Amino acid sequence: MDIKLQVLMIFLGSTLILNSLLNARRYPINTGIVMPTVLGLPMLAWALLRKHALSALPILLIEFIDYILIIAYAAFMLSFLIIIWLIWRTPSSTAPAATDALMVLGALLKGDEVSHTLDLRLRRSAEIMRQHPGLKVIVSGGQSAGATRTEASAMAEHLVRIGINPERIIIEDKSLSTSENLNFCLPLLEKELGHKPRLLTIVTSDYHVFRALLLAKASGYNAIGIAAPTPRGVIFNNLLREYVAIIRYLLLGY
């Protein structure tokens with residue numbers, strides 16, 4: 001292995017692992033926080049161990065591992081870039097007067113309070129609700145493992161704190177995924193509206209709009225998406241998390 005390539009692999013691998021370690025201290029642990037380590041560890045380990053492996057393993061096996069790593073990282077980069085393109089080309093709408101309701105999708109809490117990501121979603125929703133005084137919002141999110149309360153209860157409390165009348169808030173507090181958000185909200189919205197929503201406006205983070213609308217269509221909604229900004233420090237991590245979720249949906253259908 002060329003020394004320049006080895007140094008590059010050590011640098012990239014270490015940087016990815018450091019990203020996980022630093023963000024794990026600041027944000028709730030999720031797939032996006034763990035993924036940089038998943039990507040960086042094989043790269044770092046092989047860069048450090050390959051020289052020693054040459055004296056212990058057949059050269060054909062060494063070359064095989066080289067090719068496997070090259071193919072794996074190339075496939076990841078290509079698919080990751082395609083998915084980023086799909087995510088960022090998804091337009092963010094504005095809430096039309098004809099929308100029946102807002103839906104705010106949950107995210108992991110930070111302790112008992114909403115995270116920065118979730119705060120930005122809720123503030124975007126509050127802006128829309130002030131523009132449309134008759135519009136109701138459904139906040140959706142259950143109690144994740146290790147949490148002491150549901151995402152929906154924290155979201156409703158936060159909306160009230162920033163000036164939204166609690167009578168305008170509907171709570172769905174059982175869902176643990178985006179697909180469950182959509183499926184569990186439907187009967188609550190039908191009960192509140194007296195009919196199936198003709199047009200639903202989904203508020204979520206910018207990186208999440210593409211998949212949310214994909215799942216909404218699969219669940220039978222006519223929906224548009226409104227994007228809330230993502231905290232800069234975790235844009236890369238959230239894109240990685242969304243990459244994994246979209247690949248899972250394409251392969252497994254959920």
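Each reported figure results from applying straightforward, stated rules to the coordinates on display, with no laboratory input. These figures come from a predicted structure and were not determined experimentally. Positions of Cβ are backbone-derived with ideal geometry, glycine not excepted, and every protein chain shown enters the neighbour counts.
Side notes on the structure shown:
- Here each label is just a point 7 Å from Cα along the line to Cβ, and for residue 71 and residue 165 those points are 6.3 nm apart.
- For residue 147, no residue 5 or more places off, or on another chain, has a built amide H under 5 Å of its own.
- Inter-label distance, nm, simple model (7 Å from Cα along the C-beta direction), residue 110/residue 143: 2.3
- Förster-model FRET efficiency, 41 Å R0, residue 60 and residue 84, C-beta, rounded to 0.05: 0.70
- Angle between the chain longest axis and helix 209-218 axis [Cα atoms, degrees, rounded to 10]: 70
- With Cα atoms, 0 to 90° folded angle of helix 151-161 axis to the chain main axis: 60
- Length gained when the stretch residue 2-residue 235 is fully extended (0.36 nm per residue, less Cα-Cα span): 80.6 nm
- Nearby lysines by direct alpha-carbon distance to residue 174 (threshold 18 angstrom, same-chain neighbours under 8 apart not counted): 191
- Taking the longest Cα principal axis of the chain as reference, the axis of helix 3-26 is set at about 30 degrees.
- Contact order, relative form, for the chain: 21 percent (alpha carbon pairs under 8 Å, 6 or more residues apart, mean separation divided by residue count).
- Under 5 Å from the amide H of residue 226 lie the amide H atoms of 93, 202, 203, 204, each residue being 5 or more positions distant or on a separate chain, with H modelled from the backbone and absent for Pro and chain starts.
- MRE, 222 nm, helices only [DSSP H, n ≥ 4, -39500 (n - 2.57), over the chain, to nearest 500]: -20000 deg cm²/dmol
- Straightening the chain between residue 193 and residue 29 buys 55.4 nm, computed as 0.36 nm per residue apart minus the Cα-Cα spacing.
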